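Peer 1: Got a structure here, written out as structure tokens. Questions coming.
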Ligand SMILES: Cc1ncc(COP(=O)(O)O)c(C=O)c1O
């Protein structure tokens, strides 16, 4: 099939989505409620999900490897969760008081993720926001070191240098803080200290210069908003030492990584930060955010001194979802299953790419992985910028035509396998990849990498 035929086929099978988008745009700017969902020629509108499958409004069935940007390691509507939530909904979804299941969930999380205390909130966004406030409160300092290319949620404190354009980013060893949205207060942007991921010497130099006023170092231990970037051996350990030497609070944003291994990133890399932030997968598809950490820091959330509040925080619906998801679905056995599937998918990609001589680099670990349309490995934001966005788009569209959502939306994202995926799902995914490989090779269209925040 030529690319033109492929594109026409996509439009022919997704007429319902085109129509839904046209209506949505009239009442919701750009027709989406998270800018990251906007794609060309229009976003898919979905009607139903179950297990590893999604059905769009035209009734097309997809094997889903987006899994809601990593939020569905439990799969869509896991039957155990559905049953528990039905009971929950029938007996009150929010009390305006504490319920008695939050403490058992907190105990489970403390043990599982090696933290002394947790505080519940609703999303990744409000959890990373709280973690930074807490770090500033306990240190009495203002600055936060974050890494170029990393995303920590759509809030002003950390909306800096998420996808900065080359011409604004400055020296690779001393990146400029670049605002990621209009509407940010310059003083807040200037409070972000930007460092290059995987470059320990440069990070140490930057952190030491800011040390007097450095409240926190925040990072995804495996950055998953520039594809999937593995930390170089010793990098996380080095950051631990830098935080200790400068007195900054080390925060791991585990909104994604927390759902990739049973015990989160600490299980995979053996480094313990002071605070860990969780979201996405822990709620099994229901909003749930968590900040956990040492008693010394967490206990300073003293009412009247450090604000932590939210009408929906620890609501019984989210808490039941978290408890059932973590204790009955994302068990060690469940995680091993998802990892076996992820491993088979990653290996299959490496094989297929080699067979077709494709211009792609596969980076995967555990249940997630990605293809970077680039010959060289991606180790940081600067190396990510060479990725061919046009080829990614052709790949995503052609795979969808074959009933596979290959990964989350965007060349900066990754696939997620879940407890619901099977080896047959992997075979279908790889068969589709094999079919579209030559088309991707031929496809040439320069599409700029834009910041979708
Ligand atoms: C690493 C990371 N942190 C925080 C967030 C924000 O989470 P939420 O979208 O639930 O606010 C995201 C969302 O994609 C994320 O990937």
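Peer 1: Take residue 190 and residue 359, extend 7 Å from each Cα along the Cα→Cβ direction, and tell me the distance between the two endpoints in nm.
Peer 2: 4.3
Peer 1: Any idea how far apart residue 182 and residue 156 come out in nm if each label point goes 7 Å out from Cα toward Cβ?
Peer 2: Placing both labels 7 Å beyond Cα along the Cβ direction yields 1.6 nm.
Peer 1: Run the quick spin-label model on residue 232 and residue 245: label points 7 Å from Cα toward the beta carbon, then report their separation in nm to one decimal.
Peer 2: 1.5
Peer 1: Give the order of 19, 111 when sorted by the count of other beta carbons within 10 angstrom, beginning with the fewest. Don't jump to the answer; show the numbers that get you there.
Peer 2: Numbers: 19 14, 111 10.
In increasing order of surrounding Cβ atoms, one gets 111, 19.
Peer 1: Further question on the same structure: Sorting 6, 98, 266 on the 10 Å Cβ count, fewest up front, what's the list? Spell out each step's value before the answer.
Peer 2: Numbers: 6 16, 98 12, 266 21.
With the fewest neighbours first, 6, 98, 266 line up as 98, 6, 266.
Peer 1: Can you classify the chain as rounded, prolate or oblate using the Cα gyration tensor, where a ≥ b ≥ c are the square roots of its eigenvalues, rounded means a/c under 1.5, and otherwise it's prolate if a/b beats b/c and oblate if not? Intermediate results must be reported in sequence, preceding the final value.
Peer 2: Values: a/c = 1.63, a/b = 1.22, b/c = 1.34.
Note, shape of the chain comes out oblate.
Peer 1: Another question, if that's okay. Based on other C-beta atoms within 10 Å, arrange 442, 402 from fewest to most.
Peer 2: On the way: 442 10, 402 17.
Going from least to most buried by this count: 442, 402.
Peer 1: What is the Cα centroid distance between the stretch 100-116 and the stretch 13-73, reported in whole angstrom?
Peer 2: What the calculation gives is 34 Å, centre to centre.
Peer 1: I would also like to ask the following. At 0.36 nm per residue, and after removing the present C-alpha to C-alpha distance, how many nm does the segment from residue 83 to residue 305 gain when stretched out fully? Intermediate results must be reported in sequence, preceding the final value.
Peer 2: Working: separation 222, 0.36 × 222 = 79.92 nm, distance 4.03 nm.
Extending this stretch completely gives an extra 75.9 nm.
Peer 1: Taking square-rooted eigenvalues a ≥ b ≥ c of the alpha carbon gyration tensor, is the stretch 134-270 rounded, prolate or oblate, where a/c under 1.5 means rounded and, failing that, a/b exceeding b/c means prolate?
Peer 2: Details: a/c = 1.40, a/b = 1.20, b/c = 1.16.
Rounded shape, in that the Cα axes give a/c under 1.5.
Peer 1: Test of understanding: what is the full-extension gain from residue 375 to residue 6, defined as 0.36 nm times their sequence separation minus their Cα-Cα distance?
Peer 2: On the way: separation 369, 0.36 × 369 = 132.84 nm, distance 2.52 nm.
Extending this stretch completely gives an extra 130.3 nm.
Peer 1: Oh, and also: Using r as the Cβ-Cβ distance of residue 451 and residue 312, and R0 as 35 Å, what FRET efficiency do you calculate, to the nearest 0.05?
Peer 2: 0.75
Peer 1: Among DSSP beta bridges lying fully in the chain, give the percent that are antiparallel, nearest 5.
Peer 2: 60
Only the coordinates and a few stated rules stand behind these numbers; no lab work does. Model, not experiment: these values are computed from the prediction. Please note: Cβ atoms are built from the backbone with ideal geometry, for glycine as well, and neighbour counts cover all protein chains shown.
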